[in-house]
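The values are calculated or read from the model by the stated rules, or taken from the named source; none is laboratory data. This structure is a prediction, so every number in the text was calculated from the model and none was measured. All Cβ positions, glycine included, derive from the backbone under ideal geometry; neighbour counts span all protein chains shown.
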Amino acid sequence: MRGKGFLWGIIVVILILAGCGQDQGENDEIGPGNDEEIFSAGISEQTSAPQTYLKKSSLPANPSDSTSANFKFRCNQSPCEFKCKLDSNPWKKCKSPKSYSSLAVGSHTFKVKAGKNGVWDRSPANYTWVISFGPAYSLSAGGYHTCAITGSSAVKCWGRNDDGQLGDGTRNDRDAPVDVSGLSSGIKGLFPGISHTCALTTSDSVKCWGWNIYGQLGDGTTITRKLPVNVSGLSSGIMEITAGNHHTCGLTTSNAVKCWGGNFYGQLGDGTNTDHYAPVDVSGLSSGISAISAGASYTCALTCSGGVKCWGYNYYGQLGDGTNDNRYSPVDVSGLSSGIVEISAGWNHTCALTASGGVKCWGNNSSGQLGNGNNSNSNVPVDVSGLSSGVFKISAGASHTCAVTDSNIKCWGSNSTGQLGDGTNTDRKVPVDVSGLSSGIAEISTKGSHTCAQNTSGVLKCWGYNLYGELGNETNDNSNVPVDVIGFGP
């Protein structure tokens, strides 16, 4: 009897220890002495069950500005089977490492449990973290997608992705920001086109991704890319990029211009209409250029002396030279030989910001995007009504234009999807105020039929067309007033 009593005592101690292990709960991070691992189970209720370990070195930061996560784990009775669970999703068999991508902004919890011979760890290892991008460093709107750079120089994109223009390795549209693969740091500029995107690195090299049927990625091929690739010959020495519908251009640190991609209207400016799959020099612009801007099928450049030159498609007079003739090499914009500090090319109209803070536009005016009170096209610059001074940023979209003033944002032109942000869907031939954005705006960007703005706190707001999620607010509903882009802010 004394022997049986002693045996029962041992069993009671084991049960108490097992119970203590369970009472510590799933969030108890107790390790077996290796600080490179965390173990949330303590001692399993089933003493024959394996224990589960997560590698600390694999865990995402908390908070994290990445929408991807990668987890490494093991058990103490190898070999084991594993089951993983993210948030409220069901348990599924998995292997180490387990990766997730395109995660939503907010809190997430990952759990993993090991099993052996049909017996599973009842106290899974787990980790909770929060995804938040913090203040945005910059933003740029494309035709149907949008991209931004975080404070850590990482790139996020959202919206249409049928040609891989979001750079996340898929062709899935995204209604909230996702990571661009391989660009988690080292990026200082973003330049979306209609269906492709380019980035300028901190080493002054260029990477592009997305649609490439005309060679607009500049990698020497016409292969569409879902991930960033290097632009041929531009491993350094570039200070600005601009992307059109089918072509791309770069401004070198020596103030020269190079272009590549589709050239059927002469938009590459090399004197021909031959497509080029790698960068070529723009005729006559080997120096003296301070900024560039690509329209749908044309390009403009701002000279260091404050003049403007354009080339390419000119059906609507968007080159501003007083004609409607396509140009295969740069021509001067009429009346703008000096005094210009910024240019912005839309799909088929162009605008310029003067040194005195006024705005002039030319080209297509079918929706009032020139802002001069009528719908007549103009092949020479005209003044935008009411904006003779006080403007410090401009951006031209598909058929509308916006400007940032000292006190607010004003937009004009097409408003069929709410891209003017005034709470209506009525086209405007003269500038109107954007609702709710009265001050503190640092940047404005539009390329298609949506508009985005960044305030001085790094918050991003977008409005207009949203069929593909380009507003970044986790919906596909158009909005005629600004809405917050998920995840950005102080």
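General observations
- Failed item in (1) surrounded by fewer than 21 Cβ atoms within 10 Å (Cβ to Cβ); (2) touching a Phe, Trp or Tyr at 6+ places or on another chain (Cβ under 6 Å), with SER439 passing the rest: (2)
- Verdict on LEU217 being under 18 Å from the mean Cα position of the chain (by Cα) and not in a strand (DSSP E or B): yes
- Within the range 332-356, the set of residues being within 9 Å of VAL308 (Cα to Cα) and buried (at least 21 other Cβ atoms within 10 Å of the Cβ) comprises VAL333, LEU336, ILE340, ILE343, ALA352.
- Going through (1) assigned by TED's automatic domain parsing to the domain that holds ASN212; (2) over 12 Å from the mean Cα position of the chain (by Cα) one by one, PRO124 falls short only on (1).
- All conditions in (1) closer than 21 Å to SER64 by Cα; (2) crowded, with 23+ Cβ neighbours inside 10 Å; (3) at pLDDT 95 or above hold for PHE133, with the sole exception of (3).
- Hey, ILE194 within 17 Å of the chain's Cα centre (by Cα), in contact (Cβ under 8 Å) with a residue 40 or more places away in the chain and part of a loop (DSSP other than H, G, I, E, B) or not: yes
- Residues of the range 392-416 that are in a loop (DSSP other than H, G, I, E, B) and closer than 19 Å to SER376 by Cβ: ALA398, SER399, SER414, ASN415.
- Some residue of the range 121-129 being modelled with pLDDT under 95, assigned to a loop (DSSP other than H, G, I, E, B) and in contact with a helix residue (DSSP H, G or I) (Cβ under 9 Å, 6 or more places away or on another chain): yes
- Across the range 151-165, the number of residues qualifying as at pLDDT 95 or above, touching a Pro at 6+ places or on another chain (Cβ under 9 Å) and assigned to a loop (DSSP other than H, G, I, E, B) comes to 1.
- Residues located in the range 244-280, provided they are assigned to a strand (DSSP E or B) and more than 22 Å from SER203 (Cβ to Cβ): HIS247, GLY261, HIS276, TYR277, VAL280
- Pairs are defined by a Cβ separation below 8 Å, a sequence spacing of at least 6 or placement on different chains, a first member in the range 312-340 that is closer than 20 Å to THR274 by Cβ, and a second member that is of a type in the set (Val, Ile, Thr) and not in a loop (DSSP other than H, G, I, E, B); the pairs so defined are GLY312/THR299; LEU319/VAL331; LEU319/THR350.
- Elements of type strands (runs of 3 or more DSSP E) in the range 281-342, at least 1 residues being farther than 17 Å from CYS259 by Cβ: 327-332
- Close contacts from the range 48-65, counting a first residue that is of a type in the set (Lys, Arg) and a second that is modelled with pLDDT of 95 or more, with Cβ to Cβ under 6 Å and a gap of 6+ residues or different chains, come to LYS55/LYS72.
- Residue match in the range 144-163 (condition: under 30 Å from HIS400 (Cβ atoms), acidic (Asp, Glu) and over 11 Å from the mean Cα position of the chain (by Cα)): yes
- Residue in the range 417-429 that is within 22 Å of LEU353 (Cβ to Cβ) and in a strand (DSSP E or B) present: yes
- The selection criterion, being among the hydrophobic types (A, V, I, L, M, F, W, C), in contact (Cβ under 8 Å) with a residue 60 or more places away in the chain and either more than 14 Å from TYR313 (Cβ to Cβ) or crowded, with 18+ Cβ neighbours inside 10 Å (or both), holds for ALA243.
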